[in-house]
Amino acid sequence: MLRTRLRPAVLALFSLIVAVPALAQISARGRIYLPNGQPMMEVMEVELRSEDSRRPSEFLFTDSKGWFFLRGLRANSRYTIVVQGDGKAFNTTSEEFFASPHVVVYVHLKPFVQVKEESVAHGVSVQQLQHEPPPKARKAYEDAVAALREQRYDVARAKFQEAINADPLYVSAYNELAAVEIAERHYPEAETLLRKAVEIDPGAPHALSNLGLALNYQGRHADALEPLRKALQLRPRWVAPKVFLGIALLETGDVTSAEGYLQQGTSASGLEEAMAYLYLGKLHVIKGEREKAIAAWENYLRRDPDSMNAVNVREMLLRLRAAGSGQ
């Protein structure tokens, strides 16, 4: 897949106003245990679902020992905790509970069981494997990929379009053509292509991830949340969408959830890793954590020193350091 250069709008320091929810009626805590009975000893994401259809799912992170904390629960209402499987040690697991004072929710993860659909090639859904493009479409696609390697983007665009014309169900061609459009900052055009790809195959993880990226670029961060979450449900350990989701969450005001994803994103490679540090710096500024912001932005500059963002980050670092020295 073509890797696009992620270049978000230049950051500005500002105070983010987050809506404060109503006082919680009930709080709860819980802990995640591995299939062997040992407590989970790493940060994990959990989803909280409510029986009240008006309350959307909430996503939060455990601490490093598998504990999670729930607030704002309605007394005597039923909720479900969902932990997505990792594809190696455990399967997706859900645990129902009723909110009551002092309730503790224990989630014992189900042992991993190989499912036939999980054996598909990396980044390819079952539906895509079942679809065989005709030779003309396949040849055009391969020519486009070769043109990309030589950085002949106009030729690649034309060949990907030729592949689509020869096979209107060619999901990979839609995705790769969209990646070219993203690289050239044609974000609405990329969105159109990616929505078509997802319409053909709702289980195409690369198309879902790139759709979230295209929406982020257009400033439509709330719209980006759904495709990015779906991409991660399909590929839970895929790091790049975690960076994009962290950015979308931060820009929609969910600072707490954003931090977990961006921290995980620092294990990415290339520009995604740089972007995780860039937005972690912004997050720490919002939280008033000056030293953490400085450390995050210093890490960013080591990874992407020549961008327009780097120019602005250097200026903001000067301001943060001056504020710390009392100048």
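The values are calculated or read from the model by the stated rules, or taken from the named source; none is laboratory data. Because the structure is predicted, anything quoted here is derived from the model rather than measured. Positions of Cβ are generated from backbone atoms using ideal geometry, with glycine treated the same way; all protein chains shown enter the neighbour counts.
Consider region 247-256. How many of its residues are under 10 Å from residue 221 (Cα atoms) and either in a helix (DSSP H, G or I) or among the acidic types (Asp, Glu) (or both)?
5
Filter region 179-206 for residues that are surrounded by 22 or more Cβ atoms within 10 Å (Cβ to Cβ) and in a helix (DSSP H, G or I) and give the result.
The answer is 179, 180, 181, 182, 190, 191, 193, 194, 197, 205, 206.
Anything in region 50-78 that is under 17 Å from residue 109 (Cα atoms) and either of a type outside the set (A, V, I, L, M, F, W, C) or assigned to a loop (DSSP other than H, G, I, E, B) (or both)? List them, or say none.
62, 63, 64, 65, 66
Could you list, in sequence order, all residues of region 237-269 that are in contact with a Leu (Cβ under 6 Å, 6 or more places away or on another chain), surrounded by fewer than 23 Cβ atoms within 10 Å (Cβ to Cβ) and closer than 20 Å to residue 87 by Cα?
none
Here are some residues: 268, 156. Which one is in a loop (DSSP other than H, G, I, E, B) and without any contact (Cβ under 8 Å) to a residue 40 or more places away in the chain?
Exactly one of 268, 156 is in a loop (DSSP other than H, G, I, E, B) and without any contact (Cβ under 8 Å) to a residue 40 or more places away in the chain, namely 268.
One residue is enough: does region 298-307 have a residue meeting the conditions in contact with a Gly (Cβ under 9 Å, 6 or more places away or on another chain) and of a type in the set (A, V, I, L, M, F, W, C)?
no
Contact list please: Cβ distance under 6 Å, first residue in region 276-296 and surrounded by 15 or more Cβ atoms within 10 Å (Cβ to Cβ), second residue of a type in the set (Phe, Trp, Tyr), pairs at least six apart or on different chains.
Taking only residues 6 or more apart or on different chains, the pairs are 277/300; 278/300; 281/297; 296/277.
Right, residue 322: without any contact (Cβ under 8 Å) to a residue 24 or more places away in the chain, touching a His at 6+ places or on another chain (Cβ under 8 Å) and not assigned by TED's automatic domain parsing to the domain that holds residue 44 or not?
no
So is residue 234 modelled with pLDDT of 95 or more, crowded, with 18+ Cβ neighbours inside 10 Å and within 21 Å of the chain's Cα centre (by Cα) or not?
Considered against the rule, which asks whether it is modelled with pLDDT of 95 or more, crowded, with 18+ Cβ neighbours inside 10 Å and within 21 Å of the chain's Cα centre (by Cα), residue 234 comes out as no.
Condition first: closer than 14 Å to residue 148 by Cβ and touching a Leu at 6+ places or on another chain (Cβ under 6 Å). Now tell me which residues in region 177-197 satisfy that.
Result: 177, 178, 179.
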